[in-house]
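The structure appears below as structure tokens.
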Amino acid sequence: MARDTYRLRIEAPELARQVLPGQFFMIRSPGVTNLLLGRPFALYDVWTDASGAPAGIDIAYLVVGKMTGLMATWVPGDRVEVWGPLGNGFPPADCERLLLVAGGIGNTPFPAVAREALGLARYGNRAPQAKLPREAVTFCYGVRSAEYLAGLEDFAALGIDVRLATDDGTRGHKGFVTELVANLLQGTDSRGYRIYCCGPEPMMHAVAKLTARHNIPCWLSLETPMACGFGACFSCVTKVKQPSGEWDYRRTCVEGPIFHAEQLAL
Ligand SMILES: Cc1cc2nc3c(=O)[nH]c(=O)nc-3n(C[C@H](O)[C@H](O)[C@H](O)COP(=O)(O)OP(=O)(O)OC[C@H]3O[C@@H](n4cnc5c(N)ncnc54)[C@H](O)[C@@H]3O)c2cc1C
Ligand code: FES
């Protein structure tokens, strides 16, 4: 899809029928003993068969280490272990304007989020969404350098407003994606807006601050490293503010990975 970035297509109709945008899967290679733990990957999108029925899931991933390095060697016909769908997923986009903000490989949850918001696809057993017009959905996407921009054709095909930033200025705005967001919100009437964000923690920190300043509801998808993915090991806890105002720890894999920005200790 881009430098060191690949798409993995998994045939799994039962997972494809259940999964919601923003949920994730734990993926493992059967029979590989030096990689016992699975690794979490977000749903990129569901793919359908010739009759239009959900047939499987696509995952998009960046090679960073052992497992993703191994995944890049997989060939059609290989069998993989997948468990899921896991986590909560993004809430339905019941808003007037939806702003999707991604940093690096944090773009992966957004094709499905955007397609659902536009009324182009239904996921799981969710009721049909109120359809947003294409011009009401904006995708701000930042990466280090243009060669890491992944899936641009998928976002372009949706006809939404796509705004790009690169750290080195090789495409789009030269600088951080958060600057794109700040420019977009500058002087805008932010009523009716909602923001969904996924990416490196400092970026989400900055987006959460911006949205608090503009009083825009914002949900963040955390990429906390995980060992089990289903609530058993507590390796993924994050500090979350309770309705009482007190802080407590929550497992990102079951109570997340998506949290309202106000809940997090950012
Ligand atoms: C809910 C969720 C969804 C995710 N979705 C995607 C996705 O769609 N596509 C994608 O490419 N990645 C995604 N990730 C991150 C992905 O799980 C890691 O990149 C992967 O586990 C790395 O495995 P590895 O064996 O290749 O790397 P390792 O050999 O385990 O680690 C390589 C290096 O990456 C660091 N690292 C590993 N995991 C993380 C992490 N989660 N955050 C920060 N640093 C880490 C390690 O500290 C090490 O420096 C997601 C993570 C979570 C929690
Ligand atoms: S990864 Fe084990 S409890 Fe979350």
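Taking region 248-257 only, how many residues are outside any strand (DSSP E or B) and surrounded by 21 or more Cβ atoms within 10 Å (Cβ to Cβ)? So the count comes out to 4. Take region 185-211 and flag every residue that is touching a Pro at 6+ places or on another chain (Cβ under 6 Å) and away from ligand 1 (no atom under 16 Å from the Cβ). If the condition is that a residue be touching a Pro at 6+ places or on another chain (Cβ under 6 Å) and away from ligand 1 (no atom under 16 Å from the Cβ), then Arg194 is the only one that fits.
Taking the criterion of being over 14 Å from the mean Cα position of the chain (by Cα) and at pLDDT 95 or above, the residues of region 123-145 that qualify are Tyr123, Gly124, Leu132, Pro133, Arg134, Glu135, Ala136, Val137, Thr138, Val143, Arg144, Ser145. Among the residues of region 92-129, those that are at positive phi and touching a residue at least 24 places away in the same chain (Cβ under 8 Å) comprise Gly104, Gly124. Every condition in (1) in contact with a Gly (Cβ under 9 Å, 6 or more places away or on another chain); (2) away from ligand 1 (no atom under 11 Å from the Cβ) holds for Phe25 except the one numbered (2). Do we have Asn125 as in contact with a Pro (Cβ under 8 Å, 6 or more places away or on another chain) and assigned to a loop (DSSP other than H, G, I, E, B) here? No, not satisfied. Does region 212-247 hold any residues that are in contact (Cβ under 8 Å) with a residue 24 or more places away in the chain, part of a loop (DSSP other than H, G, I, E, B), more than 14 Å from ligand 1 (Cβ to nearest atom) and aliphatic (A, V, I, L, M), and which are they? Result: Ile216, single match. Restricting attention to region 62-117, report how many residues are farther than 21 Å from Phe230 by Cβ, of a type outside the set (Gly, Ala, Ser), in the same structural domain as Ala156 (by TED's automatic domain parsing) and within 9 Å of ligand 1 (Cβ to nearest atom). Summing the residues that are farther than 21 Å from Phe230 by Cβ, of a type outside the set (Gly, Ala, Ser), in the same structural domain as Ala156 (by TED's automatic domain parsing) and within 9 Å of ligand 1 (Cβ to nearest atom) in region 62-117 gives 2. Would you be able to say whether some residue in region 155-173 is more than 16 Å from ligand 2 (Cβ to nearest atom), closer than 12 Å to Gly142 by Cβ, in contact (Cβ under 8 Å) with a residue 40 or more places away in the chain and within 19 Å of the chain's Cα centre (by Cα)? No, because not a single residue in region 155-173 is more than 16 Å from ligand 2 (Cβ to nearest atom), closer than 12 Å to Gly142 by Cβ, in contact (Cβ under 8 Å) with a residue 40 or more places away in the chain and within 19 Å of the chain's Cα centre (by Cα).
Within region 203-226, if we keep just the residues that are surrounded by fewer than 17 Cβ atoms within 10 Å (Cβ to Cβ) and within 16 Å of ligand 2 (Cβ to nearest atom), the residue that is nearest to Val82 (Cα to Cα) turns out to be Pro225.
The values are calculated or read from the model by the stated rules, or taken from the named source; none is laboratory data. All values reported here derive from a predicted model rather than from experimental measurement. Because the Cβ atoms are built from the backbone with ideal geometry, glycine has one as well, and the counts that use them run over all protein chains shown.
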